[in-house]
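Asks: Got a structure here, written out as structure tokens. Questions coming.
The values are calculated or read from the model by the stated rules, or taken from the named source; none is laboratory data. Bear in mind that the values here come from a model prediction, so they are computed numbers and not experimental data. Methodologically, a virtual Cβ is constructed for each residue, glycine included, from the backbone with ideal geometry; neighbour enumeration extends over all protein chains shown.
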Amino acid sequence: MNYIPVNTILYDLSLSMNPDNWNESAALEWAIQASRKIGGHKSFAQRQVFYEYDNYQLTKPEDYKTLIQIFYYLPSQTSSASQNATLLEYVKRVTDSPNPESLSKTAANADLANPWKTMHLSTSSFITPCKRSGNKKCAYEFIEQPTHFMMPVKSGIVSINYLGYNVKDGEFLIPDTPSYREAILSYIMYRLYDSKVNADSKDQSLQQQRMWYLTRFGFLVTKAKGEVNAPTVNELENLLQNRNKLIPRSDQFETGFTNLNKPQNNPNLF
């Protein structure tokens, strides 16, 4: 499966749009939203980023797919800058582990030796805010929302370890299939007309255009998923060979499955 930067289709769309109606940053955000809705990404990369958040809300990375672990930094007045840098390198080395279970155990055992606190997903829809970081009674639990995490401490520094979508040189990548590209363009046009309808709800033509692009997007999503998930020639050949081994030959149906997995003189097997 080939992947292309999503900006390539945005450039083609911008050439056909009125400059007064074109907002590249908004179109890029809509394109990424459309790609998340469509799916079809078969491989993801494990990444680690350090974020400083405020007001109890930690925004998810743009390429975020699935969370592995979050660590909260407990600042110490006695630790020097060189010690902090060493600890950052230590946590980065720990989080490079491909096994999330060993990652959690290693971090939990090291809680007393470094200022990084392992956080856990809350089992409730509500969390009790901690008055200050470093409070031993703080549960350090977070709630995952569609676009952000709700944190127990108002502000702080965290290390997020997650599986992310394919990104190259900072650009979001999408599968290079015709239906996938058309589906993203349809979603962008739907969001564009949706914003126009919100500004002028009495214009019937804008509402019809919005519904047309929304309906087209729904149709193209199914088609794009079919193209992305379609088996290759080698996979089809493998399915054919397995079928011939499991299903009796056309002239031996009376034997049923008594010859299952036994060699047969069948030219279709190889």
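Asks: Search the stretch 61-80 for residues being hydroxyl-bearing (Ser, Thr, Tyr) and surrounded by 13 or more Cβ atoms within 10 Å (Cβ to Cβ), and hand back the single one that is modelled with the lowest pLDDT.
Replies: Looking at residues that are hydroxyl-bearing (Ser, Thr, Tyr) and surrounded by 13 or more Cβ atoms within 10 Å (Cβ to Cβ), I get 79.
Asks: Follow-up. Determine, yes or no, whether residue 163 is out of contact with any Pro (no Cβ under 7 Å at 6 or more places or on another chain) and in a strand (DSSP E or B).
Replies: Yes: the conditions hold for residue 163.
This table checks each residue for (1) touching a Ser or Thr at 6+ places or on another chain (Cβ under 9 Å); (2) farther than 21 Å from residue 218 by Cβ; (3) modelled with pLDDT of 85 or more.
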site: 21; (1), (2), (3): no, yes, no
site: 26; (1), (2), (3): yes, yes, yes
site: 30; (1), (2), (3): no, no, yes
site: 34; (1), (2), (3): yes, no, yes
site: 39; (1), (2), (3): no, no, no
site: 43; (1), (2), (3): no, yes, no
site: 46; (1), (2), (3): yes, yes, yes
site: 56; (1), (2), (3): yes, yes, yes
site: 59; (1), (2), (3): yes, yes, yes
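Asks: While we're looking at this one, here's another question. Would you check which residues across the stretch 1-20 are in a loop (DSSP other than H, G, I, E, B) and either among the hydrophobic types (A, V, I, L, M, F, W, C) or touching a residue at least 12 places away in the same chain (Cβ under 8 Å) (or both) and list them?
Replies: Of everything in the stretch 1-20, those that are in a loop (DSSP other than H, G, I, E, B) and either among the hydrophobic types (A, V, I, L, M, F, W, C) or touching a residue at least 12 places away in the same chain (Cβ under 8 Å) (or both) turn out to be 1, 2, 17.
Asks: Could you grab me the full set of residues in the stretch 212-245 that are surrounded by 14 or more Cβ atoms within 10 Å (Cβ to Cβ), in contact (Cβ under 8 Å) with a residue 12 or more places away in the chain and under 28 Å from the mean Cα position of the chain (by Cα)?
Replies: Selection gives 213, 214, 216, 217, 220, 221, 223, 224, 225, 227, 228.
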